[in-house]
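The values are calculated or read from the model by the stated rules, or taken from the named source; none is laboratory data. Nothing here was measured: the structure is a model prediction, and the numbers come from that model. Note that each Cβ is placed from the backbone with ideal geometry, even for glycine, and that neighbours are counted across all protein chains shown.
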Amino acid sequence: MERVLLICDSDKAREFCLDVLRKQGYPDVFVCKNGGEAKRRLLEYEYEFVLINAPLRMESAESVAIDIGTKNVSQVILLIKNEYFDEAHAHTRDAGVIAVSKPIHPRELALAVDFSYIAGARIRMMQKENKKLQQKINEIKYVSKAKLMLIEYEGVSEEEAHKRIERTAMNERKSRLLVAKEIIDRYE
């Protein structure tokens, strides 16, 4: 499993969270005492998820959760006192923050961690698929531009331009994208 970032300035809560996370199979837990330190860490590393224990002495844990939730791919879990839960949940949910009320049983925290992991896994799958689609779109753009150049500069039909790119890619064991880029470079 991946790294976890814990933002907590209470020793007792920190030990509770670390115990639950380690039992869940997260040995790489990095602890920050405030949001500023956490944001610097998020610039350096990617984390499976961020667990924030409210309150924080220096700033609003809710604001930190929203900021991290809207600017990072990491899932965010906000542990907040039951009396503030409804308001915090209403403010943070649109940022994708999972708010959990305290006091919390270790099993409930473990479930929230599991939900966060599952949501993160789905997001990573979607990002991977999105990247594939972006690459395919990029290839189509280059191939289309190369076909237009072959049509314009060599006077071939669109079908012949397409066949030429396909044939060259196959014969030279290159991708269609690379062949298209070479054609574009030749005529630009």
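State yes or no: is E59 assigned by TED's automatic domain parsing to the domain that holds L18 and part of a helix (DSSP H, G or I)? Criteria not met by E59.
Which residue is nearest to the chain's Cα centre (by Cα), if the candidates are limited to the stretch 145-157 and must be exposed (fewer than 14 other Cβ atoms within 10 Å of the Cβ) and small (G, A, S)? The residue in question is S157. Candidates I80, I165: the one that is under 25 Å from D19 (Cα atoms) and β-branched (V, I, T) is I80.
Yes/no per residue for (1) in contact with an Asp or Glu (Cβ under 9 Å, 6 or more places away or on another chain); (2) polar (S, T, N, Q); (3) touching a residue at least 12 places away in the same chain (Cβ under 8 Å); (4) under 19 Å from Y117 (Cβ atoms):
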site: Y26; (1), (2), (3), (4): yes, no, yes, yes
site: E44; (1), (2), (3), (4): no, no, no, no
site: A61; (1), (2), (3), (4): no, no, yes, no
site: S74; (1), (2), (3), (4): yes, yes, yes, yes
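When I80, I52, I68 are screened for being over 21 Å from E108 (Cα atoms), crowded, with 22+ Cβ neighbours inside 10 Å and in contact with a strand residue (DSSP E or B) (Cβ under 8 Å, 6 or more places away or on another chain), only I68 passes.
Every residue, every condition in (1) at pLDDT 95 or above; (2) of a type outside the set (V, I, T); (3) in contact with a Leu (Cβ under 7 Å, 6 or more places away or on another chain), yes or no:
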position	(1), (2), (3)
I104	no, no, yes
S116	no, yes, no
Q127	no, yes, no
I137	yes, no, no
E152	no, yes, no
V156	no, no, yes
R164	no, yes, yes
T168	no, no, no
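When each of D94, D19, D67 is tested for being part of a helix (DSSP H, G or I) and more than 22 Å from the chain's Cα centre (by Cα), the lone residue that passes is D19. Scoring R57 on the criteria (1) closer than 20 Å to F115 by Cα; (2) touching a residue at least 40 places away in the same chain (Cβ under 8 Å); (3) loosely packed, with under 15 Cβ neighbours inside 10 Å leaves a single failure, condition (1).
Conditions tested, residue by residue: (1) free of Cβ contacts under 8 Å to residues at least 24 places away in the same chain; (2) touching a Gly at 6+ places or on another chain (Cβ under 9 Å); (3) over 30 Å from L43 (Cα atoms).
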position	(1), (2), (3)
I77	no, no, no
Y84	no, no, no
M126	yes, no, no
I151	yes, no, yes
M170	yes, no, yes
K174	yes, no, yes
A180	no, no, yes
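Within the stretch 158-168, being surrounded by 11 or more Cβ atoms within 10 Å (Cβ to Cβ) and either under 13 Å from A146 (Cα atoms) or in contact (Cβ under 8 Å) with a residue 60 or more places away in the chain (or both) holds for E158, E160, A161, H162, K163, R164, I165, E166, T168. When the residues of the stretch 1-24 are narrowed to those that are in contact (Cβ under 8 Å) with a residue 24 or more places away in the chain and either acidic (D, E) or in contact with a Pro (Cβ under 6 Å, 6 or more places away or on another chain) (or both), which ends up farthest from R124 (Cα to Cα)? Out of the qualifying residues, it is D9.
Within the stretch 103-121, is even one residue more than 30 Å from K12 (Cβ to Cβ) and either of a type in the set (D, E) or not in a helix (DSSP H, G or I) (or both)?
No, the stretch 103-121 has no match at all.
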